[in-house]
C-alpha cells in the first residue's frame, strides 16, 4: 500500500483514503434482496476521489491536477488530523450495473472544511465526498460515491438489525 502520511492515509488508484480500520460485529456475509454479499477483508474511507475531481477542475491536465489534489490534501491534513471518524449508523444498499454493496455512513472530522479549502484553491465548487465504509460487496467491487447527490441516485437506505452492534475497534 502506498501510504502518504504516518496516520494511515494512502493514495492509490485515484483515491486518497483512510485505511487500516477494524470492526467488531461483522458476520462473514449478509443477505440483501436474496443475494449473499461477503464481508470485505479490508475497510477504508475514501476521503478524496482525485480521479473524479481532477476532470472537474481541468479535464485536459487531469494527471497533474490529481497530484496537486494530493499535495493540497497533505498540506491540509498536516494541520488538521483527518483520522477521527464516527459511524452514523446509516446503512445503504448501493447498486450500479453489476456492482452491489452495503455501506455505512461516517462523519469524518474536517472533511467538509477540506473540500471548502480545495474549492478555494482550485477556483471552483467541488462536491464533498460522501464518507462511508464498504462493509460487504459482490466481487469485492466498490462503488464510488462522490457526493450525497450521487448517494441519493445509486443507493437506498436499508435496515440491518444484525449490524446494530457494529462499532470500530479502538487502536
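Only the coordinates and a few stated rules stand behind these numbers; no lab work does. Everything numeric in this text was worked out from a predicted model, so none of it was measured. Here the Cβ is made from the backbone with ideal geometry for all residues, glycine too, and neighbour counts use every protein chain on show.
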| said: Between 0 and 90 degrees, rounded to the nearest ten: what's the tilt of helix 62-79 against the longest Cα principal axis of the chain? | reply: 80
| Which FRET efficiency value, to the nearest 0.05, is calculated for residue 27 and residue 67 with the Förster distance at 35 angstrom and r the Cβ-Cβ distance? | 0.30
| For the pair residue 119 and residue 141, how long in nm is the line joining their label points, each one 7 Å along Cα→Cβ? | 3.3
| Ordered by packing density, taken as the mean number of other Cβ atoms within 10 Å over each peptide's residues, highest first, how do 154-165, 44-55 rank? | 44-55, 154-165
| query | How many angstrom separate the Cα center of the stretch 33-89 from the Cα center of the stretch 139-165? | reply | 16
| remark: Taking a crude spin-label model, label points 7 Å out from Cα along the C-beta direction, the residue 96 to residue 58 distance in nm is 2.6
| remark: If the chain between residue 2 and residue 169 were fully extended at 0.36 nm per residue, the gain over the current Cα-Cα distance would be 57.8 nm
| note | Helix 111-122: inclination vs the chain longest Cα principal axis, degrees, rounded to 10, gives 30
| remark: Subtracting the Cα-Cα distance of residue 152 and residue 39 from 0.36 nm times their residue separation yields 38.3 nm
| Taking the C-alpha atoms of the stretch 9-160, convex hull volume expressed per residue in Å³ | 113
